[in-house]
Amino acid sequence: MDAGAISQYFPLYVEAFFLTIKIGWMGIALSLLIGVVGAFVLHFKVPVLSVIINVYVELFRNTPLLVQLFFIYFGLPKVGLVISADKCGVIGLGLLGGSYMVEAIRSGLSAVPVSQTESALSLGFTKRQIFTNVILPQAVISGIPAVIANVIFLLKETSVFSAISLMDLMFTAKDLIGLYYDTTECLLLLVLFYIVMLLPVSALGSFIEKKIRFGSYGD
């Protein structure tokens with residue numbers, strides 16, 4: 001193990017780490033937006049839009065992110081639509097993640113018993129009050145584990161960004177290994193930086209889930 005090589009490469013990994021974090025979380029934000037809209041469309045069975053969302057979910061859940069990135073980055077320019085590597089990463093991750101977030105959020109909405117909606121209607125609640133005060137809080141609690149799992153999954157999927165020449169963590173590791181053959185040192189740094197990126201998200205997700213599930217019952 002060459003400590004000198006590790007210290008030399010460390011700044012390059014830090015730069016790649018922040019780029020990976022930036023693109024990853026922008027893609028996750030896009031996926032959550034798509035997931036919320038799509039879940040509401042499916043839950044309330046909006047005509048036509050429900051069919052479109054179902055087709056979108058099946059299409060993107062059953063194709064690899066790498067194929068989607070290649071299509072966006074290399075395929076769309078053939079029809080005159082050129083997208084930068086950064087934007088391609090955000091869009092690709094957002095579209096893939098959105099297809100998973102739709103199902104995660106919809107499952108949370110579907111987990112709320114219909115009897116609670118009927119009871120709220122009998123008490124004179126408006127549909128808006130039922131949604132915001134009865135359905136949504138319980139849907140959030142039910143959906144959080146799946147959403148957190150999807151966030152971690154999407155952060156790990158950023159490893160394929162190197163295929164479109166983004167200087168992310170994986171690209172940096174492969175580039176340095178190819179140049180200097182310090183395989184052990186480069187892979188060690190790669191693993192450490194992915195742990196730094198993923199472990200806090202996992203811990204925070206567990207904390208939030210426990211807080212929401214049991215916080216109101218602690219008194």
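No lab work stands behind these numbers, since they all come straight from the coordinates. None of the values given here were measured: they were computed from a predicted structure. Here the Cβ is made from the backbone with ideal geometry for all residues, glycine too, and neighbour counts use every protein chain on show.
Any chance you could run the full-extension gain for Thr132 through Val51? It's 0.36 nm times the residue separation minus the Cα-Cα distance, nm to one decimal.
Details: separation 81, 0.36 × 81 = 29.16 nm, distance 2.57 nm.
That works out to 26.6 nm of additional length.
On average, how much area does the Cα convex hull of the stretch 143-186 cover when viewed from any direction, in nm²?
3.8
For each pair in Lys22/Lys156; Lys22/Lys210; Lys22/Lys87; Lys127/Lys211, compute the distance between the two Cα atoms and list the pairs where it is over 20 Å.
With Cα atoms farther than 20 Å apart: Lys22/Lys210; Lys127/Lys211.
Tell me the label-point distance for the pair Lys22, Phe10, using the 7 Å Cα-to-Cβ offset, in nm and rounded to one decimal.
Rounded to a tenth, the inter-label distance reads 2.3 nm.
Can you check what the Kirkwood hydrodynamic radius comes to for the stretch 121-200, Cα pairs only, in Å to one decimal?
Every distinct Cα pair counted, the radius reaches 16.0 Å.
Taking a cut-off of 14 Å between Cα atoms, list the aspartates and glutamates near Lys174, but don't count ones fewer than 8 places away on the same chain.
Asp182, Glu185
Quick one: go through the stretch 1-36 and flag any residue whose amide nitrogen is under 15 Å from the point 7 Å out along the Cα-to-Cβ line of Leu188.
Hits in the stretch 1-36 for Leu188 at 15 Å: 1-11.
What FRET efficiency do you get for Ala29 and Ser115 if R0 is 25 Å and r is their Cβ-Cβ distance, rounded to the nearest 0.05? Write out the running numbers ahead of the final one.
On the way: r = 35 Å, r/R0 = 1.39.
So, using R0 = 25 Å, E works out to roughly 0.10.
For the stretch 25-128, what is the convex hull (Cα atoms) projected area averaged across all directions, in square nanometres?
Over every viewing direction, the Cα hull of the stretch 25-128 projects on average to 8.1 nm².
Gain in length, Leu199 to Asn62, computed as 0.36 nm per residue apart minus the alpha-carbon separation, to one decimal in nm?
Numbers: separation 137, 0.36 × 137 = 49.32 nm, distance 2.72 nm.
The span from Leu199 to Asn62 would gain 46.6 nm if fully extended.
Express the Stokes-Einstein translational diffusion coefficient of the chain in µm² s⁻¹, to the nearest whole number, given a Kirkwood radius over alpha-carbon pairs, 25 °C and a viscosity of 0.890 mPa s.
Details: Rh = 19.6 Å.
Approximately 125 µm²/s, per Stokes-Einstein.
Could you state the number of Å between the C-alpha centres of the stretch 14-44 and the stretch 107-153?
21
Quick one: helix 136-157 against the long Cα principal axis of the chain, what's the angle to the nearest 10°, folded into 0 to 90?
20
On average over all directions, what projected area in square nanometres does the stretch 36-80 have, based on the convex hull of its Cα atoms? List each step's numbers first, then the result.
Details: hull surface 16.2 nm².
The directionally averaged projection comes out at 4.1 nm².
Taking 0.36 nm per residue of sequence separation and subtracting the Cα-Cα distance, how much length would be gained by fully extending the chain between Met1 and Val140, in nm to one decimal?
The Met1-Val140 span can extend by a further 45.4 nm.
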